[in-house]
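All remarks here apply to the structure that follows.
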């Protein structure tokens, strides 16, 4: 069993969430990991983990990335924050291309599903019990 430990200072050492996307072309997994106010990319390949980059540091005290998920195709990383903010990143560059602020409390859960027509829908749940959905076509990469 392979493992990786994040050795951050104690106030940043809490692993909050992670999401995995299979990169079929390169036969590896891309993992987005949130550790408080930081989001990292980890690559899992040949039974080894490699911390490859810092995707983002929020820069705001008390604002953490509370949940992450990938689109089903793996080309979009979606990050939900304790402020209710949601950010969309193009993978693998992790360039931010969309920000939404329609939730007002901590994002607790996000999930992308595909319909029979191959359209993706994002579902988002927050700490206040609000559930919302969005057609991913509206993002227009």
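Given 120, 87, which one is closer than 14 Å to residue 56 by Cβ, buried (at least 17 other Cβ atoms within 10 Å of the Cβ), modelled with pLDDT of 90 or more and in contact with a strand residue (DSSP E or B) (Cβ under 8 Å, 6 or more places away or on another chain)?
Values: 120 fails: closer than 14 Å to residue 56 by Cβ.
When all the criteria are applied, what remains is 87.
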Is it fair to say residue 25 is more than 24 Å from residue 124 (Cα to Cα), modelled with pLDDT under 90 and more than 14 Å from the chain's Cα centre (by Cα)? yes
Report, by residue number, each residue of segment 37-76 that is at pLDDT below 85, out of contact with any strand residue (DSSP E or B) (no Cβ under 9 Å at 6 or more places or on another chain) and either crowded, with 18+ Cβ neighbours inside 10 Å or at positive phi (or both). 59, 62
Failed condition for residue 99, given (1) in contact (Cβ under 8 Å) with a residue 24 or more places away in the chain; (2) under 23 Å from residue 31 (Cα atoms): (1)
Filter segment 74-94 down to the residues that are touching a residue at least 24 places away in the same chain (Cβ under 8 Å) and more than 12 Å from the chain's Cα centre (by Cα), then identify the one that is nearest to residue 19 (Cα to Cα). 92
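The values are calculated or read from the model by the stated rules, or taken from the named source; none is laboratory data. Being a predicted model, the structure only gives us computed values, none of them experimental. Virtual Cβ from ideal backbone geometry, glycine too; neighbours counted across all protein chains shown.
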